[in-house]
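Following: one structure in structure tokens, then a few remarks.
What follows is calculated from the coordinates using simple rules that are stated; it is not laboratory data. Please read these numbers as outputs of a predicted model, since none were measured by experiment. Cβ placement follows ideal geometry from the backbone for every residue including glycine, while neighbour counts extend to all protein chains displayed.
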Amino acid sequence: MSAEIEHQYILFSLGEEEYALPIVLVDEIIKINNLVKVPRSKNYFAGIMDIRGKVVKMVDLGVKLNIPHSHEQGYDRAIVVKIGGESVGIIVDKVANVALFPPETINPPPPSIKGISSRYITGVGKKDDRFIILIDIEKILGSEELAELGAGAK
């Protein structure tokens, strides 16, 4: 794997903030349609979706991190990531683009940002004049939490 790919991140928005996660974890970016709600599930579990014949659990990252969405028009886009060998859709407000953050351009995480615990933040990158919060999606959605989302959703 080339070093350049290791330093590429997908930028996305949740509420008023910009976040990024490593592109090596990303399978694809999808438009949300035919989302099926699962009764009596966690509040951040938006439901399941059929993506090319595979059932994928969909998580509302804004709800999970307690970040109010910038709009109330429903779900539009999701970033499908691989966590522990399982595909999970992460619903975000907006997917922007890909950015390069070499290690020397990443600052250590502050104690917390808008209620997000520093354990979920791997660092803060700078793009143009904006700060981008680099998140650790594997810590946010660990295997225990994915299992909690229901064996019935597999």
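At 0.36 nm per residue, and after removing the present C-alpha to C-alpha distance, how many nm does the segment from L35 to D129 gain when stretched out fully?
On the way: separation 94, 0.36 × 94 = 33.84 nm, distance 3.63 nm.
Gain on extension, L35 to D129, equals 30.2 nm.
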**Message:** Once R0 is set to 25 Å, what does the formula 1/(1 + (r/R0)^6) return for the Cβ-Cβ distance between S118 and E16, expressed as a FRET efficiency to the nearest 0.05?
**Reply:** 0.85
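Is the shape of region 1-98 best called rounded, prolate or oblate, per the rule: a/c under 1.5 gives rounded, else a/b larger than b/c gives prolate, else oblate, with a ≥ b ≥ c the square roots of the Cα gyration tensor eigenvalues?
Oblate.
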**Full-extension gain in nm, N97 to D136, via 0.36 nm per residue minus C-alpha separation** = 12.2 nm
**Approximate spin-label separation I5-D27, in nm, with each point projected 7 Å along Cα-to-Cβ** = 1.7 nm
**Prompt:** What aspartates and glutamates sit close enough to K126 to cross-link, taking a C-alpha to C-alpha distance under 18 Å and skipping anything fewer than 8 places away on the same chain?
**Reply:** E4, E6, E16, E17, E18, E104, D136
